[in-house]
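The values are calculated or read from the model by the stated rules, or taken from the named source; none is laboratory data. Note that the coordinates shown come from a computational prediction; the quantities given were computed from them, not determined experimentally. Glycine gets a Cβ as well: all are built from the backbone with ideal geometry, and neighbour counts include every protein chain shown. Just so you know, the surface numbers come from the protein's heavy atoms only, side chains and all, with ligands and any DNA or RNA stripped out. Shrake-Rupley method; radii C 1.70, N 1.55, O 1.52, S 1.80 Å.
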Amino acid sequence: MTTTPTTSPEAATPPPGSGPAAETTDKKVPRGHRRLLTRRDRLTLGLMAGLPTILHVALVWVTALASIALAFATWDGIGFDSIKWVGLQNFRELFTINPQFWPAVQHNIIWFAALILIPTPLGLFLAVQLDKQIRFSRVYQTAFFLPVVVSMAVIGFVWQLVYNPDTGLINSLIGANQPGHYIDWIGDPDLNLWAILIAASWRHAGYMMILYLAGLKSVDPSLREASALDGANEWQTFKSVIFPTLRPTNTVVLVVTIIEALRAFDLVFVFNKGAEGTELLSILVTNNIIGESSRIGYGSAIAVVLLVISLAVIIPYLIATFRKERQA
Amino acid sequence: MHLTPSGLSIPGPSRRTMLRGIGGAAALGAGVPLLSACGGGSGSAADPKTVSLGSNASDAVPKKAFAEIYAAFKKQSGITVDVNTKDHNTFQEQINSYLQGTPDDVFHWFAGYRMQFFAAKGLATEIDEVWDKIGGNFPEAMKGLSKGEDGKYYFVPLYTYPWALFYRKSVFAEKGYEVPTTWDELVALCKQMEKDKLVPIAFGDKDAWPALGTFDQINFRTNGYDFHVELMAGKASWTDAKVRKVFDLWAELLPYHQEGAVGRTWQDAAQTLVSKKAGMYLLGTFVGQQFTNQADLDDLDFFAFPEIDPAYGQDTVEAPTDGFMMSKAPKNKAGAVELLEFLGTPEAEQIYLKADPNVVAASTKADTSSYSPLQKKAFEMISGAKSLTQFMDRDSRPDFTSTVMQPALQKFVRDPKGVDNLLSSIERQKKTIFAS
């Protein structure tokens with residue numbers, strides 16, 4: 001924000017005397033000393049920058065590109081002779097005859113919509129309440145944030161104890177584990193996605209709360225004072241003064257939620273391995289690639305679809321961010 | 001079509017190990033696959049007195065039982081077995097890269113298509129010379145199971161366990177039920193159990209594989225062993241009227257299965273049999289593991305799935321078989337041959353069965369005197385069988401069964417209507433998978 005001087009004419013000209021002075025001192029110094037780095041320094045720097053670069057290129061770029069290449073092949077993972085190039089066949093199969101693909105895309109979208117509609121406003125609400133310095137606010141904060149600390153896989157195990165249709169908490173309490181009136185929270189495709197989304201929301205609300213709390217802390221108190229002086233009530237203050245100042249936070253929240261929706265995997269995998277009703281793209285990728293005679297080409301094709309969706313979301317965001325920076 | 005290795009020679013393996021790494025870590029929380037992919041073999045290269053062995057027997061009971069076999073082998077031959085044990089599921093997920101890397105001389109594996117697949121890929125050594133010695137110990141059905149598609153032997157079976165309908169003797173005695181031998185009797189028994197406020201057939205398909213077993217039973221009883229094999233090999237069509245008949249029969253029986261199966265694990269379903277809330281349960285003999293109380297276990301009994309078509313009777317038994325194979329380039333081949341010959345003897349099987357009573361010996365020569373009544377019955381059932389099947393995911397391509405059949409059967413179990421759409425969807429997917 002305060003970097004504008006570089007373009008101003010004053011800053012472009014060096015402070016009087018300093019430029020030529022530096023040049024003259026430079027000339028006086030013997031040539032060998034001009035290099036500030038010894039051979040060892042350069043080696044260290046080279047290793048420090050080079051190794052991560054090699055690792056990054058090998059593990060991120062090469063694998064990603066290989067994945068894209070393999071999406072146009074069939075391969076069982078045994079020897080390179082068995083790679084057969086099949087063009088767009090994997091994608092054709094995926095879009096037409098795979099009964100799980102479209103449900104998976106749909107569930108990823110539902111996942112995003114649900115996260116943005118339920119836990120995000122809830123997190124904002126909690127953050128606004130906790131920002132009021134009410135008593136025991138730290139206790140509440142900790143309680144709501146606790147699920148975020150726990151790994152998704154563990155959350156999956158915990159919620160299974162709640163949802164287990166035979167011995168779980170809910171069905172035991174309401175007696176829905178008897179033949180005749182039986183609620184199958186995990187197996188029924190009309191229920192299981194929502195059951196999992198409640199578990200995911202439980203965690204996501206705490207996450208959003210912390211992000212919004214941080215945003216609220218940076219709201220200038222004088223704005224509140226001003227709106228109070230103008231006679232605005234609490235809701236008006238929030239709607240017209242506080243919420244607009246949270247705009248940068250909202251962007252972060254949106255990006256985080258999109259990422260959460262696209263990478264959703266662990267909770268579902270633990271819950272019911274993406275059975276009917278809970279298929280997700282990430283799970284289809286795993287199911288096709290992991291195993292003894294894998295369909296690596298086919299799994300890669302699904303991964304490429306996931307990649308394209310991710311890029312479609314990330315690129316506009318990056319463009320907007322860079323544009324903003326350039327304008328600033 | 002062969003491809004030029006340029007460009008793919010580097011990304012290939014690194015990508016695969018990466019993915020396996022990610023998958024292993026994600027699925028099991030264990031980030032060790034890179035290590036295990038190159039584990040074993042090291043150090044034992046030049047030592048003729050050591051054979052390395054890759055084991056998936058990571059559970060306590062089988063691990064100890066196998067250790068006792070290897071100790072007995074050392075006593076007899078002076079050769080040490082260097083065991084490299086991996087988590088059971090991890091072993092399975094990584095078998096591909098494991099066998100292509102530097103595998104152990106001998107490794108644990110399953111009979112059937114899964115064995116033939118790796119044999120055909122040249123990742124195993126044929127062991128006809130072993131079978132020259134041990135052939136007499138095994139019945140014909142077991143010999144068939146140990147051969148690759150080329151007719152050569154690649155596998156030494158150790159133990160097996162049948163699938164059947166399990167029940168509690170006390171429940172049948174108390175209610176005066178009789179063991180059904182025909183389809184109509186089975187349906188009638190289910191109706192009676194329902195009247196008696198029992199769940200006729202316990203069922204849990206959360207892990208997606210138990211339903212494969214139900215399909216297998218109805219299919220080979222209805223259409224016979226040969227059709228079953230053709231169907232599993234991708235040759236017969238899933239839209240065939242014969243397959244449709246299987247699903248129609250299954251749909252007739254489904255209302256008597258435990259409600260909400262897709263949300264229940266087989267362990268939970270077994271508990272309803274333990275607690276006498278369910279009358280029957282179709283599973284492998286490992287269901288006995290859930291009977292922790294000895295009195296309950298003594299009360300457990302089973303019968304073969306009833307006859308559907310008299311032409312086939314009850315002559316096929318589903319009996320998954322586990323055993324050993326030799327990797328493609330063993331460092332100590334002579335030692336590996338000796339070990340496999342030992343593993344094919346009745347003595348080795350007896351040592352194993354003493355420690356793990358939930359399975360039975362693959363050999364007909366093993367001493368059955370220490371068997372429990374349940375084991376004896378299982379043994380008789382298998383040795384009397386005309387044909388043995390493995391299990392759908394062992395008899396067919398695992399990629400087909402896991403990505404197509406498991407979700408398809410879960411769908412059917414939850415909603416048995418719309419079979420025709422389901423079957424044509426299976427057939428379309430099957431064609432592309434088997435063509436690749």
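Observations on the model:
- Rolling a 1.4 Å probe over the protein heavy atoms gives segment A:169-328 an accessible area of 48 Å² per residue.
- Ordered by solvent-accessible area of protein heavy atoms (1.4 Å probe), largest first, the residues A:Phe95, B:Phe117 come out as A:Phe95, B:Phe117.
- Atom-type composition of the exposed protein surface of the protein assembly as shown places 61 percent of the accessible area on carbon and sulfur (1.4 angstrom probe).
- Selection from B:Leu353, A:Pro179, B:Val404, by position along the positive dipole direction of the protein assembly as shown (Cβ): B:Val404
- B:Lys235, B:Lys75, B:Lys175, ranked by accessible area, largest first (probe 1.4 Å): B:Lys75, B:Lys235, B:Lys175
- For A:Trp159, solvent-accessible area (1.4 Å; no DNA, RNA or ligand), Å²: 40 Å²
- Here the Gaussian network model covers chain A, with springs between Cα atoms less than 10 Å apart; of A:Leu37, A:Leu280, A:Leu191, A:Leu37 fluctuates the most.
- Mean Kyte hydropathy of 0.5 or more with a Cα span along the axis of at least 30 Å, helices from DSSP in chain A: A:192-217, A:296-327
- For segment B:107-198, the Rg and Dmax computed from alpha carbons only, in angstrom: 21.0, 58
- Evaluated with a Cβ-only charge set (Lys, Arg +1; Asp, Glu -1), chain B carries a dipole of roughly 980 debye about its Cα centre, given to the nearest 20.
- Over 32 Å (Cα to Cα) - which of A:Lys273/B:Lys331; B:Lys49/B:Lys121; A:Lys273/B:Lys417; B:Lys121/B:Lys430; A:Lys273/B:Lys191 fall in this group: A:Lys273/B:Lys331; A:Lys273/B:Lys191
- Interface size, chains B and A: roughly 4400 Å² of accessible area buried, both sides included, 1.4 Å probe, rounded to the nearest 100.
- Of all DSSP beta bridges in the protein assembly as shown, antiparallel share, percent nearest 5: 60 percent
- Each residue, A:Phe322 and B:Ala72, gets one label point 7 Å from its Cα in the Cβ direction; the gap between the two is 7.0 nm.
- Sum of -39500 (n - 2.57) over DSSP H runs of 4+, divided by residues of chain B (222 nm, nearest 500): -14500 deg cm²/dmol
- In terms of accessible area, using a 1.4 Å probe and ignoring ligands and nucleic acids, A:Glu260, B:Glu178, A:Glu234, B:Glu307 rank largest first as B:Glu178, A:Glu234, B:Glu307, A:Glu260.
- For segment A:175-194, a drop of 10 Å² or more in accessible area on going from the chain alone to the assembled protein chains (1.4 Å probe) is found at A:Pro179, A:Gly180, A:Tyr182, A:Asp184, A:Ile186, A:Gly187, A:Pro189.
- Leading residue at positive end of dipole, chain A (Cβ point charges), from A:His56, A:Thr249, A:Gly274: A:His56
- Only Lys, Arg (+1) and Asp, Glu (-1) charged, at Cβ; the protein assembly as shown dipole about Cα centre in debye: 3160 debye
- For segment A:95-134, the residues whose amide N sits under 16 Å from a probe point set 7 Å from the Cα of A:Ala232 along the beta carbon direction are A:128.
- What segment B:232-377 shows is 37 Å² of accessible area per residue, with the surface traced by a 1.4 Å probe over protein heavy atoms.
- For chain B: span of alpha carbons on each principal axis (Å, largest first): 69, 54, 42
- Evaluated at q = 0.11 Å⁻¹, the base-10 log of the normalised Debye intensity for the protein assembly as shown, with identical point scatterers placed on the Cα atoms, takes the values -1.30.
- For the segment B:418-425, counting C-beta atoms of other chains within 10 Å of every residue's C-beta and taking the mean gives 1.
- Percent of Cα-Cα distances greater than 24 Å, calculated over segment B:256-382: 46 percent
- Counting only heavy atoms of the protein chains and using a 1.4 Å probe, B:Val199 has close to 30 Å² of accessible surface.
- For chain B, with +1 on Lys and Arg beta carbons and -1 on Asp and Glu, the positive-most of B:Phe291, B:Gly234, B:Ile134 along the dipole: B:Gly234
- Nearest-10 value in Å² for the accessible area of B:Asp132, using the 1.4 Å probe: 130 Å²
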